Amino acid sequence: MTETLLALYFAVLVGGILFKSRIARSQWLFLLRAFFPNWKFFDQVGHVPHLWARSARKGMDDGLIWSDWLLIYPRRTRRWWHLVHNPDTNLGLGQQNMVDHFWSALDDLPDGADPRGLVTYALMERLVQNHLRVQHGGFSHWQFELRMVLDGPDGLSDAYTMMQSPVTAC
């Protein structure tokens, strides 16, 4: 009996590997996507999405003085007590999962489509605004972009900008 169940288990695993399934599209699954990790991250080795942002203040001549691009990569410092209670790192993992979902949604859009109608775009806007408020505060304009980064053994190997938001006034 045990051998039969084990053989059946491995047959299901091999079947799952060999046969490609369709992407499940449902309104209810779409609303629950925040609870599921984006498994496209594990499909292939390659470029990884990184979220960058910058803010601007008004200058003397009514021009904008932009800050440098700031990487919004929610990595947290680990502490020994995080083995028991770790809400900050869980928040960071959730935020990085949002960035991965945003990349996936952009990748699924047809060429030339406007991403501003996506729910994940609105989530990225809020994430960027909150992060910039903490880092810079008092800014009048802001902008973000999604860069696809390929790390090599000697550091950064390749990077390109997948999407850049328009400049937004606060």
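For (1) within 30 Å of V45 (Cβ to Cβ); (2) under 12 Å from the mean Cα position of the chain (by Cα); (3) among the polar types (S, T, N, Q); (4) surrounded by 14 or more Cβ atoms within 10 Å (Cβ to Cβ), each residue gets a yes or a no:
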{"residue": "G117", "(1), (2), (3), (4)": "no, no, no, no"}
{"residue": "L132", "(1), (2), (3), (4)": "no, no, no, yes"}
{"residue": "G137", "(1), (2), (3), (4)": "no, no, no, no"}
{"residue": "M148", "(1), (2), (3), (4)": "yes, yes, no, yes"}
{"residue": "G155", "(1), (2), (3), (4)": "yes, no, no, no"}
{"residue": "Y160", "(1), (2), (3), (4)": "yes, no, no, no"}
{"residue": "V167", "(1), (2), (3), (4)": "no, no, no, no"}
{"residue": "C170", "(1), (2), (3), (4)": "no, no, no, no"}
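Counting only residues that are in a loop (DSSP other than H, G, I, E, B), within 16 Å of the chain's Cα centre (by Cα) and closer than 25 Å to A169 by Cα, which one in the stretch 62-112 is modelled with the highest pLDDT?
Y73
Looking at the stretch 59-88 only, could you name the residues that are polar (S, T, N, Q) and in contact (Cβ under 8 Å) with a residue 24 or more places away in the chain?
Once the filter is applied, which keeps residues that are polar (S, T, N, Q) and in contact (Cβ under 8 Å) with a residue 24 or more places away in the chain, the stretch 59-88 yields only S67.
So, in the stretch 47-61, of the ones that are part of a strand (DSSP E or B) and among the charged types (D, E, K, R), which residue ends up farthest from E125 (Cα to Cα)?
Taking the candidates together, the pick is K58.
Can you name every residue in the stretch 120-135 that is under 15 Å from P166 (Cα atoms) and either of a type outside the set (K, R) or at pLDDT below 90 (or both)?
The answer is Y121, A122, M124, E125, V128, Q129.
Please determine whether any residue of the stretch 16-37 is at pLDDT 80 or above, among the polar types (S, T, N, Q), over 20 Å from the mean Cα position of the chain (by Cα) and in a loop (DSSP other than H, G, I, E, B).
no
Of the residues G138, G117, only one is more than 16 Å from Q164 (Cβ to Cβ) and touching a residue at least 12 places away in the same chain (Cβ under 8 Å); which?
Answer to the selection: G138.
I'm told S104 meets every condition in (1) in contact with a strand residue (DSSP E or B) (Cβ under 6 Å, 6 or more places away or on another chain); (2) touching a residue at least 40 places away in the same chain (Cβ under 8 Å); (3) closer than 15 Å to G46 by Cβ except one. Can you identify the failing condition by its number?
Result: S104 fails condition (1) only.
Got at least one residue in the stretch 125-135 being in contact with a Pro (Cβ under 7 Å, 6 or more places away or on another chain) and not aromatic (F, W, Y)?
Checked the stretch 125-135: no residue is in contact with a Pro (Cβ under 7 Å, 6 or more places away or on another chain) and not aromatic (F, W, Y).
The values are calculated or read from the model by the stated rules, or taken from the named source; none is laboratory data. Computed from a predicted structure; not experimentally measured. Cβ sites come from the backbone with ideal geometry, for glycine too, and all protein chains shown count toward neighbours.
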